[in-house]
Amino acid sequence: MLINSETKLKVRYSETDQMGIVHHGNYAQYLELARIDWLSRLGISYRSMEENGIMLPVFTLDLKFKKSAFFDDELTVKTSLKKIPTVRIVFDYEIFNQHQELLTIASTTLVFVDSNTRKPILCPSYLTEKIKNH
């Protein structure tokens, strides 16, 4: 793995369903928070990427649920990058609760897109340089 980070989250009541379990739709948000945190720890602002004409839409999202998360659980999202990005960047995730139980395994593939042309582009060189120097 090239770069790993850990993001801490606390499950809010509004994120749970009538069974008291985190609704599956919230996991995409958890992964997004973890990705933005990963970039920030690398010294890159996602906002500045967008301001410079680069968007990162999600191309694929894969979730495998092992155990449920519940209201007030303290989650740790472990985010990892396994290879240098090209036109796509692939993240792998593991979500654990406060008892270190593995709850979810996930991956996302995002595509670098020029915000003006809406066409795929190569990963910006400043990002690949930071990854290589990390």
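Filter the stretch 1-49 down to residues that are in contact with a strand residue (DSSP E or B) (Cβ under 7 Å, 6 or more places away or on another chain) and of a type in the set (S, T, N, Q) and give me whichever is most open to solvent (accessible area, probe 1.4 Å).
ASN4
I need a count of the residues in the stretch 99-134 that are among the aromatic types (Phe, Trp, Tyr), open to solvent by less than 20 Å² (accessible area, probe 1.4 Å) and farther than 22 Å from LEU61 by Cα. First the steps, then the outcome.
Residues of the stretch 99-134 among the aromatic types (Phe, Trp, Tyr): 112, 126.
Adding the requirement that they be open to solvent by less than 20 Å² (accessible area, probe 1.4 Å) leaves 112.
Now narrow it down to the ones that are farther than 22 Å from LEU61 by Cα: none.
Result for the stretch 99-134: 0.
State whether the residues of the stretch 53-75 include one that is open to solvent by 50 Å² or more (accessible area, probe 1.4 Å) and on the phi > 0 side of the Ramachandran plot.
Looking for residues that are open to solvent by 50 Å² or more (accessible area, probe 1.4 Å) and on the phi > 0 side of the Ramachandran plot, one finds at least one in the stretch 53-75, hence yes.
The values are calculated or read from the model by the stated rules, or taken from the named source; none is laboratory data. Keep in mind it's a predicted model, so treat the numbers as computed, not measured. Don't worry about glycine lacking a Cβ; one is built from the backbone with ideal geometry, like all the others, and counts go over all protein chains shown. All accessible areas refer to the heavy atoms of the entire protein, side chains included, with ligands and DNA or RNA removed. Shrake-Rupley method; radii C 1.70, N 1.55, O 1.52, S 1.80 Å.
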